[in-house]
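Enquirer: The following block contains the structure, expressed as C-alpha cells.
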C-alpha cells in the first residue's frame, strides 16, 4: 500500500536543540497533518496544513506544506524533555471522501536533559 | 467528554483464539477507523466505516472483521488470532463535515499479544 516516507526514523538530541523532520510522498496530498504520540497513548494532532506553501506554527512547533504538495516538514525549536515521543506525518488525498489518512513510519524523538 | 474509548487496554491471546475489540465515541462522528501500529511501520488502516451499517477494507484487512451496528460503536474482530496480529490497535473517528478541519481523534489503544 501507499506510504509516506518519513525521516529520520529516530533522533536523540540535547535539551534546547532544534529538531527537524520531514515526510515525502510520490503522490499529491491536499492535506498534511502532524501528530504526536506519547507512550501508552493515542496520537494527538499537533498541526494541520491545508494549502500548498502554507507555513503554520503552534508554539515552538512550525510545519510547512510543500509547494509540490508531495512533502511536508515539522520543526521543533528549543526542545524540552516533554517533547519526547513519536511524531507522525499523515496525508489526505483531495479526492478522498472517506477521511482516510495515510501515515508515515514515525520519528522517535528522545531529549536528553 | 470521553472522546474515543477503547476496550480492553491489554489482552493476551493464544494462537487460534478469537476476540473482539470495542471502540466507542461520544462525539457523534460519522466516520470510524481501525488502525494497527507496528514498530517502524507507522499506522496502517485495517478497516473503516463511513456510517452506521457500512464498513470497508483498508490497507491490511486480512484476518479481521468489523461491524458498525450503532453509530457510536465500531467493533474489530479476530476470528482466529495469529502471532502476526500482535500489535497495538488504535480506533479513530472524525466527522465528514469537518473531515478537513477536524482530523482524526484517536483512542488510547489496545495492546494485543498473540502467543
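Enquirer: Take the residues in segment B:16-52 that are exposed (fewer than 12 other Cβ atoms within 10 Å of the Cβ) and modelled with pLDDT of 95 or more, then tell me which one is farthest from the chain's Cα centre (by Cα).
Expert: Applying the filter and picking the extreme gives B:16.
Enquirer: In segment B:40-56, how many residues are in contact (Cβ under 8 Å) with a residue 24 or more places away in the chain and more than 7 Å from every other protein chain (Cβ to nearest Cβ)?
Expert: 3
Enquirer: Additional query: Do any strands (runs of 3 or more DSSP E) lying entirely in segment A:8-70 carry at least 1 residues that are more than 10 Å from chain B (Cβ to nearest Cβ), under 21 Å from residue B:35 (Cβ atoms) and out of contact with any helix residue (DSSP H, G or I) (no Cβ under 9 Å at 6 or more places or on another chain), and which ones are they?
Expert: It comes to A:19-24, A:31-37, A:44-49.
Enquirer: Right, another one. Just checking, how many residues over segment B:70-88 are under 24 Å from residue B:27 (Cα atoms) and either at pLDDT below 95 or part of a strand (DSSP E or B) (or both)?
Expert: Just the residues of segment B:70-88 that are under 24 Å from residue B:27 (Cα atoms), to begin with: B:70-77, B:88.
Filter once more, so that each one left must be either at pLDDT below 95 or part of a strand (DSSP E or B) (or both): B:73-77, B:88.
Going through segment B:70-88 one residue at a time, the tally reaches 6.
Enquirer: Would you check which residues across segment A:85-102 are at pLDDT 90 or above and within 7 Å of chain B (Cβ to nearest Cβ) and list them?
Expert: The one that is at pLDDT 90 or above and within 7 Å of chain B (Cβ to nearest Cβ): A:88.
Enquirer: From (1) within 24 Å of residue B:81 (Cα to Cα); (2) part of a loop (DSSP other than H, G, I, E, B); (3) facing chain A (nearest Cβ under 10 Å), pick out the condition that doesn't hold for residue B:29.
Expert: (1)
Enquirer: Quick check on segment A:90-102. Is at least one of its residues within 19 Å of residue A:13 (Cα to Cα) and over 16 Å from the mean Cα position of the chain (by Cα)?
Expert: no
Enquirer: Next question, about the same structure. Given the options B:3, B:63, B:40, name the one that is in contact with a helix residue (DSSP H, G or I) (Cβ under 7 Å, 6 or more places away or on another chain) and within 29 Å of residue A:6 (Cα to Cα). Steps first, please.
Expert: Details: B:3 fails: in contact with a helix residue (DSSP H, G or I) (Cβ under 7 Å, 6 or more places away or on another chain); B:40 fails: in contact with a helix residue (DSSP H, G or I) (Cβ under 7 Å, 6 or more places away or on another chain).
Checking each option against the conditions leaves just B:63.
The values are calculated or read from the model by the stated rules, or taken from the named source; none is laboratory data. These numbers come from a predicted model, not from an experiment. Cβ atoms come from the backbone with ideal geometry, glycine included; neighbour counts cover every protein chain shown.
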